[in-house]
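A short worksheet on the structure shown next.
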Amino acid sequence: MNSPLLIKAVRLYGEGDPVDVLVRDGVIVEIGQWLDAASTQDLDGVRVLDADGLVALPGFVDLHTHLREPGREDTETIATGSAAAALGGYTAVFAMANTDPVADNAVVVEHVWRRGREVGLVDVHPVGAVTVGLKGEKLAELGTMAASKAGVRVFSDDGLCVADPLIMRRALEYTRSLDAVIAQHAEEPRLTVGAQAHEGERAARLGLAGWPAAAEESIVARDCLLAKQVDARLHVCHVSTSGTVDVLRWAKARGTKVSAEVTPHHLLLTDERLEGYDPVNKVNPPLRTESDVQVLREALAEGVLDCVATDHAPHAVQDKDCEWSAARPGMLGLQTALSIVVKTLVRPGLLDWRGVARVMSERPAEIAGLPDQGRPLAVGEPATLVLVDPRAHWVVRGAELASISGNTPFEGMELPAVVHTTMLRGRVTVTEGKVQS
Amino acid sequence: MKHLLSTDGLDPATATAVLDTADTLKRTLLGREVRKLPTLRGRTVVTLFYENSTRTRVSFEVAGKWMSADVINVSAGGSSVNKGESLRDTALTLSAAGADLVIVRHPASGAAHRLASWLEGTGTAVVNAGDGTHEHPTQALLDAATLRERLGEISGRRIAIVGDVLHSRVARSNVHLLAALGAEVVLVAPPTLLPTGVHSWPVTVSHDLDSELPALDAVMLLRVQAERMHGGFFPSAREYSIAYGLNERRLALLPEHAVVLHPGPMLRGMEIASAVADSPRAAITDQVRNGVHVRMAVLYHLLAGEEEAA
């Protein structure tokens, strides 16, 4: 395999004194402060990576990514999405099933899985659809997808809600035998007919049909009750309201096996972005209010929300540079996620680096059942990690991101923290902001 | 004024200037055999309508023609727009083809704002002739002109807007403009047809039309669209009409001087009884007449320049 790599003077989880980390054959083989200039010469063919001032964290895991392949390769491919992920510090991503054709069968999920392996920058895990064609009517062949080479363990109709309570109950019940989890896009469709924006004062004034918080909260409450009823695992996608946090807190307290994610954009942006009607700010669920943002940040720090997931959603220019109601919902997220988490949680003191590792790596890996991701930075563990420069800043430019699409709502913003190096089982996939292919 | 996209944020001085210009134009044209002013000769005005409309389009077209502008009508049914061309491309095409001003009506809220942002730097002005459920600023201006004409002034007057406020661009534009001009605005509607957060608007809210009528100087009825009647916003057309329709009994509850307005098209027998619509208290045809002068004034302020207008 690769020659040994010595990461010099890195702070693990941003804690304690800098240490040197020796990686060989994809595994962390030694950690210590012994490796000065003299002793490194003893290591045959060793490459040295100067990590002075950097923070090491386990590689990030994104439970919620849209890679658009197959079907919309004009907006993103597994190759470009993998590059964006690696640049964002990710070592594993879950590719949502709402492709064309839909990933509701073993053929499509194996294709996605295989393309991910060929690209090799991150572990690409396909998410399987819960229902055939995402239609919400009939369960897809979940067992076959689970047994395929892709080994699907996360199922979701994301983009659409599994709205029928009986179908949802059956899906939850059935996946118990697969050691899998249903990830629900919580949106009661009858309450969001024609919805364009968070139902509130701003949308009302702008004449944009409202997407009420209750449309999310009622489905989350229902699904928590169902998951408890059938003793199954539920994962809630992109939590956007403070009411959902209340429901989750209650459900967790009574022992429901529920986990939940929050997106970086819901941690930072509000419906103030509706002014001017620029659809780069259109997303589903919609941007909410300042008080929702505050509650989401605190809930993530506290653990009521388990993890950060990007809902990275590339879109073509013509699908965004149009009138609001005609625009597709969604925004890029893979390359900006860490910086937004640092800006919204680390800098204000809500989360330390250990906490960042928890919400961006360890918990998502646990939720998805990945045995070799989100592991501790310790001897004998896989060298699947990210080195972050916590002092650096960068300015977001959509055109410079690795995605084919450029629909970032953070355009022109100066953000803290830069991903310096990403490493997948000892292989450097990104260093100094460049993909190593 | 660079564009006219909304009355939200339109300052009272500018609004009053437009209304004064409309008055002047009306007086100038009164009794003239040839109703044609040379003011906008050589200027090109395009109406770009993505929704059916008779009164608004005709009103703008007449306004442009009376000012001697070249008026070109583009409709969603009769050009490349129904071949799937984007709004952006259509806007840039019209601008490049020489449009000095584009009047746009579109079913998407914010469409006029988007158009204005795409045309930034081209010098083409945009007038919003109705965008989704957002605003219809020239309707509010012509309503204000009619109220001024009938009531003398707007400041201090109490005006009710009755009906489907939730989906009404006319209501939004009127709330902002009337409040800016110093009127007290009352919204009268069932709770299902009021927008979220209406308490933050510069209005009071009522569900009881009868109790509001005696104190009003004007009542403005909104059109109830057919799709709302079947959307479960209220139980039936009959129940709506009983609670919120302006019939002869209710007309008698209004003070003598009070005016009845309706932006049209009217649903006679539902929102408004025929006898009310045709009574001298109703200013509905005045609204249409004033619409032309107000739109002439808007074109004048946008195309003939601020300094001349001031």
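Quick notes on this structure:
- Which numbered condition B:TRP118 misses (of (1) within 12 Å of chain A (Cβ to nearest Cβ); (2) at pLDDT below 95): (2)
- Restricting segment A:377-400 to residues that are under 19 Å from the mean Cα position of the chain (by Cα) and assigned to a loop (DSSP other than H, G, I, E, B) leaves a set whose member that is surrounded by the fewest Cβ atoms within 10 Å (Cβ to Cβ) is A:VAL396.
- In this entry, A:GLY369 is excluded by the filter for residues that are in contact with a strand residue (DSSP E or B) (Cβ under 9 Å, 6 or more places away or on another chain), of a type in the set (Gly, Ala, Ser) and closer than 17 Å to A:LEU12 by Cβ.
- Every condition in (1) surrounded by fewer than 24 Cβ atoms within 10 Å (Cβ to Cβ); (2) touching a residue at least 12 places away in the same chain (Cβ under 8 Å) holds for A:GLY374 except the one numbered (1).
- Single condition B:LEU87 does not satisfy, out of (1) modelled with pLDDT of 95 or more; (2) within 14 Å of chain A (Cβ to nearest Cβ): (1)
- Per this entry, A:GLU187 is counted among residues that are in the same structural domain as A:LYS320 (by TED's automatic domain parsing), charged (D, E, K, R), modelled with pLDDT of 95 or more and not in a helix (DSSP H, G or I).
- Within segment A:1-10, the residues that satisfy the criterion of being crowded, with 19+ Cβ neighbours inside 10 Å and under 21 Å from A:VAL356 (Cα atoms) are A:ILE7, A:VAL10.
- Test result for B:ASP70, touching a residue at least 24 places away in the same chain (Cβ under 8 Å) and either outside the structural domain of B:PRO263 (by TED's automatic domain parsing) or surrounded by fewer than 22 Cβ atoms within 10 Å (Cβ to Cβ) (or both): yes
- If you go through segment A:401-437 and keep only what is touching a helix residue (DSSP H, G or I) at 6+ places or on another chain (Cβ under 7 Å), of a type in the set (A, V, I, L, M, F, W, C) and in a strand (DSSP E or B), you end up with A:LEU415, A:ALA417, A:VAL419, A:VAL430, A:VAL435.
- The single residue among A:SER240, A:SER218, A:SER259 that is in a helix (DSSP H, G or I), polar (S, T, N, Q) and more than 14 Å from chain B (Cβ to nearest Cβ) turns out to be A:SER218.
- Qualifying residue in segment B:141-148 (condition: more than 18 Å from B:LEU5 (Cα to Cα), in contact with a strand residue (DSSP E or B) (Cβ under 9 Å, 6 or more places away or on another chain) and either in the same structural domain as B:LEU254 (by TED's automatic domain parsing) or crowded, with 21+ Cβ neighbours inside 10 Å (or both)): yes
- The one condition in (1) in contact with an Asp or Glu (Cβ under 7 Å, 6 or more places away or on another chain); (2) away from chain A (no Cβ under 14 Å) that B:ALA13 fails to fulfil: (1)
- Within segment A:265-291, being touching a residue at least 40 places away in the same chain (Cβ under 8 Å), outside any loop (DSSP other than H, G, I, E, B), more than 13 Å from chain B (Cβ to nearest Cβ) and crowded, with 24+ Cβ neighbours inside 10 Å holds for one residue alone: A:HIS265.
Residue by residue, here is whether (1) under 19 Å from A:ALA183 (Cβ atoms); (2) surrounded by fewer than 24 Cβ atoms within 10 Å (Cβ to Cβ); (3) touching a residue at least 60 places away in the same chain (Cβ under 8 Å); (4) charged (D, E, K, R) holds:
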| site | (1), (2), (3), (4) |
| --- | --- |
| A:ASP321 | no, yes, no, yes |
| A:TRP324 | no, no, yes, no |
| A:GLY333 | yes, no, yes, no |
| A:VAL341 | no, no, yes, no |
| A:LEU350 | no, yes, no, no |
| A:VAL356 | no, no, yes, no |
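- In segment B:130-247, counting only strands (runs of 3 or more DSSP E) that sit wholly within it, the ones holding 3 or more residues that are away from chain A (no Cβ under 14 Å) and within 19 Å of B:ALA258 (Cβ to Cβ) span B:158-162, B:184-188, B:218-221.
- Residue match in segment A:156-176 (condition: crowded, with 21+ Cβ neighbours inside 10 Å, in a strand (DSSP E or B) and not aromatic (Phe, Trp, Tyr)): no
- Residues that are within 14 Å of chain B (Cβ to nearest Cβ) and outside any loop (DSSP other than H, G, I, E, B) within segment A:304-343 comprise A:VAL317, A:GLN318, A:ASP319, A:TRP324, A:SER325, A:ALA326, listed in sequence order.
- In the set A:LEU226, A:LEU166, only one residue is free of Cβ contacts under 8 Å to residues at least 12 places away in the same chain, over 23 Å from the mean Cα position of the chain (by Cα) and more than 14 Å from every other protein chain (Cβ to nearest Cβ); that residue is A:LEU166.
The values are calculated or read from the model by the stated rules, or taken from the named source; none is laboratory data. Just so it is clear, the structure is predicted and the values come from calculations on it, not from any experiment. Cβ atoms come from the backbone with ideal geometry, glycine included; neighbour counts cover every protein chain shown.
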